[in-house]
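Notes to accompany the following structure.
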Amino acid sequence: MDSAVRLDEAGEQRGVVVRDDEADFAGLREASSAGRRRGVRLRLVDTGKLTAVELEWLGQAGAEIYTSDLTRRNLSEVVLISRACRRGGSAASFFHHGPLEAEGAEGRVDAAALREMAGSGVYLALSDKERPREPEALIPMAAAGRRGKSPMVYYHHRPVGPWLEGLAREGAWIHAAAPTPERDEDASGLRRTAAAAAESGQGLVLHVQGPVDPFRLEDLFAAGAYLVFETPPADFRSPLRPLEERAARRLPGLRAGYLYREFMR
């Protein structure tokens with residue numbers, strides 16, 4: 001991979017995404033430093049090829065590091081990588097795929113470790129797509145992220161519960177599917193969640209993946225929700241068309257998602 005070419009072709013500050021096995025360490029470090037000077041971040045996906053110390057060097061050079069429990073389970077390593085990133089003006093994100101283990105679970109990243117990561121400035125991301133997540137574990141993690149100035153990202157795929165509003169109040173970025181006519185009972189909870197997220201300084205990102213009530217969607221947008229349309233553009237005569245155009249001008253922050261702010265993982 002020619003790192004310099006990739007960076008030259010980057011047209012926006014959100015950065016260029018590269019896996020750590022696409023180039024050698026020297027090339028990645030050069031690209032990280034060059035990107036920082038140009039205001040274009042190298043966003044490095046950790047596959048385990050590099051050592052934790054090498055990732056620290058890259059973070060300090062300006063790369064943003066994206067890792068997970070599939071690659072790294074050592075809390076101390078992740079925290080040190082995050083601190084190096086902060087010295088380089090960037091950040092480290094950690095996606096937790098596994099179960100939320102009880103504290104002290106041997107060989108696992110437990111809930112207490114995740115809270116410590118978040119409080120230390122690591123950007124946590126979790127999803128309930130593969131397994132349910134307990135609100136009593138998620139909300140303290142979001143609170144720790146707020147204290148560490150590293151808002152948590154949460155991808156919600158299940159029915160909306162009142163606790164989601166509490167998670168939003170703790171400053172998490174929350175992704176969920178926009179309510180379809182068949183799931184209209186979720187709309188009031190999502191509206192409260194959108195308002196709470198906006199008050200906390202973060203946001204609710206709703207992914208439009210199928211038929212929706214445009215007036216219901218307009219109400220959620222007015223409450224502060226961000227809308228990501230994953231459907232074909234509406235006909236110009238549709239009441240959805242002006243909402244699509246307005247939603248395209250209201251973008252969530254770069255920290256709204258793990259690696260990509262628009263993805264629903």
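Just so you know, all these numbers are worked out from the coordinates, no wet-lab data involved. Here the structure is a predicted model, which is why all the values come from computation and not from measurement. All Cβ positions, even for glycine, are placed from backbone atoms using ideal geometry, and neighbour counts span all protein chains on display.
Quick notes
- Listed by Cβ neighbour count within 10 Å, with the fewest neighbours leading, I65, I81 appear as I81, I65.
- Projecting the Cα positions of H97, A61, A187 onto the charge dipole of the chain (unit charges on Cβ atoms of Lys, Arg, Asp and Glu, taken about the Cα centre) puts A61 furthest along the positive direction.
- Using a Förster distance of 41 Å, the FRET efficiency for L259-E218 (Cβ separation, nearest 0.05): 0.85
- Rounded if a/c under 1.5, otherwise prolate or oblate - the chain, Cα gyration tensor axes: oblate
- Taken about its Cα centre, segment 30-85 carries a charge dipole of roughly 240 debye when the Cβ of each Lys and Arg holds +1 and the Cβ of each Asp and Glu holds -1.
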